[in-house]
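Peer 1: Please see the structure below; I have some questions.
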Ligand code: I6G
């Protein structure tokens, strides 16, 4: 064949672009620069424009969208799109119930071997069925009622991860089921673009509530050129129709084999998918994914377990429209609806005023939530949250709950716009918002009792000098009663003053005093962090201590000297200088020392290096001989950085008992792993730096 004919060139371009697209979208490993892809794409577009007869539906140029539709056509699924039943027990034992049921239904008893399962993610997106005939994507349909769905092929073709043509070894007929979703980062970027459009006065534009909602909107766009601008992704997880064996079709023996084959044919399959054995394997998967959930680049609402053997699946069959061989095991929802009962303004340690929505109690993310931050004036305005509003609240992991958006359709007519107060709600001092800052601040300083309370709580925090049993209720009483006005007042407390407070028995008072006594012996970074200097977090306090060695050296450091410390920029340096330039702050430090607060001062390591300087360690699992905080503190005293995640740059992973995925990752990356005794040896070899 002459390679120069338009037809062969078009074919070659389609194949090249499909290969590059697969490397880029599915494998996340592009092999050519974007400019090269764009050049070839343009060449194919021009060729197809000049020779319309060469245009095919599997051409990558068709990913940009086509003519707007009036309505979506209904299509009947060749094989019904089933739904999946949910395990009602959302605790880990839900997995055990499923395994028990499967064993019973398969007639297995205790002496029989463990059942093999495939454990997968339950993506928070939209189910989709992709039909390939003669290797070309001919139809993409939503689930609909399971029997009839909507034909959304034009929109689905715009998804770069979905192959438009399958390799020659794929069956002539293949229906792949999976989930269309929007990755979190793509969702954020889309909403940023939407906000810019709204700000530019573009009518009919809106922001989206969550990635699922944005994905659903894009899939149901009648104008596929708009869908093409919405960044959708896809994961494959199941089979619909397929060329039967009697017509030479391929036969799989297990679901896992099927998924591996899908990957080979170019479909994205979630890398978390695992083949596991028995209830213990399912429980382990459930727990591991619960840990990983917040760090995933996309939302999931649970995991799915499926019996791996297809022969066993057949034996188990279906109940109504649900397979008996699969179950969804959900995690607690991270978003819920509730109503705003009030909007209060809270005063933080540095005087920052934070608007907080007081909510009708709602169970979300595994806990009952009654407060959600609105962050600051701009955020509160942007979301336009008002008292009485019905709102979507989100709580993911340990992150503070937040109001995602208002359900405007449910807003009362007389709902009042929220405005930030001009004065501090606690001490009535003027509240100011400085230029370039997002926050209003109370100007009352330590005159403001709210700031005093927060300053005391911060000083007493576990990561600062750590005063056990000194909780917020107690601090509130101590400050309100005028017993504690400054930090040194804590060390002047006696049994009599304490026992007179509400709900404070003599025994509890004695515990508090013991906690205060214990806190006198601290470390320089903890003390420095506890002072609550603006912009000096825990990491900066550690860097400063390491660099200067003594508190006096830090207090007397010039701006230039402060700027020598890694992580310290002009704002932080200025904040430290301003703090120690104020006589009353130096006085507080002196008084605390006079009350007996002490630490071991070190030697300045500015310029010099400690034994583990420049090395990053990761701690995982449980150490028998010391807590994780202590292990971290020791590594840091030796100059190491301690990180939460393993990468190729990690110097070593310290693995205690029951170390999980971090240990596995270290092993797969070839990172050094120290068990507890090797770690002890390392510390012992540098003992002179630790005592
Ligand atoms: O709704 C679903 C989400 C995820 C599924 C599913 C799934 O596997 C990861 N698998 C099946 C078989 C069904 N629904 C019916």
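The values are calculated or read from the model by the stated rules, or taken from the named source; none is laboratory data. From a predicted model like this one, the values you see are computed outputs, not experimental measurements. Using ideal geometry, Cβ is built from the backbone for each residue, glycine included, and neighbour counts are taken over all protein chains shown.
Peer 1: So residue 176 passes all but one of these: (1) part of a loop (DSSP other than H, G, I, E, B); (2) in contact (Cβ under 8 Å) with a residue 12 or more places away in the chain. Which condition number does it fail?
Peer 2: With respect to (1) part of a loop (DSSP other than H, G, I, E, B); (2) in contact (Cβ under 8 Å) with a residue 12 or more places away in the chain, residue 176 is out only on (1).
Peer 1: So, residue 42, is that one without any contact (Cβ under 8 Å) to a residue 60 or more places away in the chain, surrounded by fewer than 17 Cβ atoms within 10 Å (Cβ to Cβ) and away from the ligand (no atom under 16 Å from the Cβ) or not?
Peer 2: yes
Peer 1: Mind listing whichever residues of the range 304-329 are surrounded by 17 or more Cβ atoms within 10 Å (Cβ to Cβ), within 13 Å of the ligand (Cβ to nearest atom) and assigned to a strand (DSSP E or B)?
Peer 2: 304, 305, 306, 307, 323, 326, 327, 328, 329, listed by residue number.
Peer 1: Go through the range 203-219 and give me each residue that's in contact with a helix residue (DSSP H, G or I) (Cβ under 9 Å, 6 or more places away or on another chain) and not in a helix (DSSP H, G or I).
Peer 2: If the condition is that a residue be in contact with a helix residue (DSSP H, G or I) (Cβ under 9 Å, 6 or more places away or on another chain) and not in a helix (DSSP H, G or I), then 205, 206, 207, 208, 210 are the ones that fit.
Peer 1: From 474, 501, which residue is over 20 Å from residue 587 (Cβ atoms), in a loop (DSSP other than H, G, I, E, B) and in contact with a helix residue (DSSP H, G or I) (Cβ under 8 Å, 6 or more places away or on another chain)?
Peer 2: Working: 474 fails: in a loop (DSSP other than H, G, I, E, B).
None of the other options fit; the residue is 501.
Peer 1: What's the total number of residues in the range 231-256 that are more than 18 Å from residue 130 (Cβ to Cβ) and loosely packed, with under 15 Cβ neighbours inside 10 Å?
Peer 2: Our first condition is that a residue be more than 18 Å from residue 130 (Cβ to Cβ); within the range 231-256, this holds for 231, 244-248, 251, 253-254, 256.
With the extra rule that they be loosely packed, with under 15 Cβ neighbours inside 10 Å, the set shrinks to 244-248, 251, 253.
Count: 7.
Peer 1: Within the range 508-561, can you find the residues that are within 16 Å of residue 586 (Cα to Cα), in contact (Cβ under 8 Å) with a residue 60 or more places away in the chain and part of a helix (DSSP H, G or I)?
Peer 2: At the first step, the residues of the range 508-561 found to be within 16 Å of residue 586 (Cα to Cα) are 524, 527-534, 550-558.
Narrowing further to those that are in contact (Cβ under 8 Å) with a residue 60 or more places away in the chain: 524, 527, 529-532, 534.
Answer for the range 508-561, where residues must be within 16 Å of residue 586 (Cα to Cα), in contact (Cβ under 8 Å) with a residue 60 or more places away in the chain and part of a helix (DSSP H, G or I): 524, 527, 529, 530.
Peer 1: Related question: Determine the pairs where a residue that is closer than 14 Å to residue 126 by Cα and free of Cβ contacts under 8 Å to residues at least 60 places away in the same chain, located within the range 229-246, has a partner that is within 16 Å of the ligand (Cβ to nearest atom) and assigned to a strand (DSSP E or B) with Cβ atoms under 6 Å apart, the partner being 6 or more residues away or on another chain.
Peer 2: No pair meets every condition.
Peer 1: Scan the range 646-662 for residues that are part of a loop (DSSP other than H, G, I, E, B) and surrounded by 10 or more Cβ atoms within 10 Å (Cβ to Cβ) and jot them down. Break it down stepwise before answering.
Peer 2: At the first step, the residues of the range 646-662 found to be part of a loop (DSSP other than H, G, I, E, B) are 646-651, 656, 658-660.
Scanning the range 646-662 gives 646, 647, 649, 650, 651, 656, 659, 660.
Peer 1: Are any residues in the range 330-361 assigned to a loop (DSSP other than H, G, I, E, B), under 30 Å from residue 293 (Cβ atoms) and at pLDDT 90 or above, and if so, which ones? Can you show your working first?
Peer 2: Keep residues of the range 330-361 that are assigned to a loop (DSSP other than H, G, I, E, B), which gives 331-334, 348-351.
Checking which are under 30 Å from residue 293 (Cβ atoms) leaves us with 331-334, 348.
Answer for the range 330-361, where residues must be assigned to a loop (DSSP other than H, G, I, E, B), under 30 Å from residue 293 (Cβ atoms) and at pLDDT 90 or above: just 348.
Peer 1: Looking for something crowded, with 16+ Cβ neighbours inside 10 Å and farther than 29 Å from residue 240 by Cα - is there at least one such residue anywhere in the range 49-61?
Peer 2: Quick first cut of the range 49-61, residues crowded, with 16+ Cβ neighbours inside 10 Å only: 54, 58-61.
Filter once more, keeping what is farther than 29 Å from residue 240 by Cα: 54.
Yes, some residue in the range 49-61 is crowded, with 16+ Cβ neighbours inside 10 Å and farther than 29 Å from residue 240 by Cα.
Peer 1: Step by step: first the residues of the range 220-273, then only those that are in a strand (DSSP E or B) and out of contact with any helix residue (DSSP H, G or I) (no Cβ under 9 Å at 6 or more places or on another chain), then the one that is nearest to the ligand (Cβ to nearest atom). Which residue is that?
Peer 2: Among residues in the range 220-273 that are in a strand (DSSP E or B) and out of contact with any helix residue (DSSP H, G or I) (no Cβ under 9 Å at 6 or more places or on another chain), the one nearest to the ligand (Cβ to nearest atom) is 235.
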